[in-house]
């Protein structure tokens, strides 16, 4: 795995060096659908690496070349911004939902959740690093559900892995962003109150020569809105 990452790193470095109109973007996995659409009509070559914000932030800090970092968490974005001496600018918002392969709604109570799990696992992102997992842990703690749910967790590297587990029936329930629920064969069975966790904000961090690309994302913000994100207008 380390060799594969080093090979990809060298590939990105070579890509970044080939010309000013070629860009490298590191983006949270939950952005993949709409970001692919937006980048398809950008005038310039773009290479995108999708993963958990935590993984991408660490890679950038270790020297991986990136012109733009799109994080699903303000803390990871700020960490990268400070290490590069640049700013972290809010761009999008999102919210958490509970998903299942079946359509039956569920109440966010210990009894209802344990009944639906029926000995199975609740899939969610890593609760100490993956943004969706961090938000979910905070929400369940606020709702007095964390201690009861903790023994039943199946933690994954990113939200797309959660989608896959639930869609295949390997986990009865999962926690993802509402925007991710639209991309898998799953159903939203409960909304997780936004008041139960910190606001979910996706900042843009210009870590290289990403000005033109960042402007393009702003111009095409309606694509993200159509995918279920809320768009945060830049401060004047």
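The values are calculated or read from the model by the stated rules, or taken from the named source; none is laboratory data. On a predicted model such as this, the values are computed, not experimentally measured, just so you know. Quick reminder, even Gly has a Cβ in these numbers, built from the backbone with ideal geometry, and neighbours come from all protein chains shown.
Only residues that are more than 24 Å from residue 55 (Cα to Cα) and surrounded by fewer than 19 Cβ atoms within 10 Å (Cβ to Cβ): list them for the range 146-165, please.
Filtering the range 146-165 down to residues more than 24 Å from residue 55 (Cα to Cα) leaves 146-149, 151-152.
Selection gives 146, 147, 148, 151, 152.
Within the range 166-180, track down each residue that is surrounded by fewer than 20 Cβ atoms within 10 Å (Cβ to Cβ) and touching a strand residue (DSSP E or B) at 6+ places or on another chain (Cβ under 7 Å).
Here is the first cut: in the range 166-180, the residues surrounded by fewer than 20 Cβ atoms within 10 Å (Cβ to Cβ) are 167-170, 178.
Within the range 166-180, just 178 meets the criteria.
State the number of residues belonging to the range 100-124 that are closer than 27 Å to residue 73 by Cβ and at pLDDT below 95.
Keep residues of the range 100-124 that are closer than 27 Å to residue 73 by Cβ, which gives 100, 106, 108, 113, 117, 121-124.
The next check asks that each one be at pLDDT below 95; those that pass are none.
Total satisfying the criteria: 0.
Which of the helices (runs of 4 or more DSSP H) contained wholly in the range 46-143 include at least 1 residues that are in contact with a helix residue (DSSP H, G or I) (Cβ under 8 Å, 6 or more places away or on another chain), surrounded by 15 or more Cβ atoms within 10 Å (Cβ to Cβ) and assigned by TED's automatic domain parsing to the domain that holds residue 163? Give the steps one after another, and end with the answer.
Details: elements: 53-61, 74-84, 110-117, 131-142.
Result: 110-117, 131-142.
Look through 167, 181 and report the one residue that is over 21 Å from residue 73 (Cβ atoms) and in contact (Cβ under 8 Å) with a residue 40 or more places away in the chain. Let's see the steps before the verdict.
Details: 181 fails: over 21 Å from residue 73 (Cβ atoms).
Residue meeting the stated conditions: 167.
Could you check how many residues of the range 144-162 are part of a helix (DSSP H, G or I) and out of contact with any helix residue (DSSP H, G or I) (no Cβ under 6 Å at 6 or more places or on another chain)?
5
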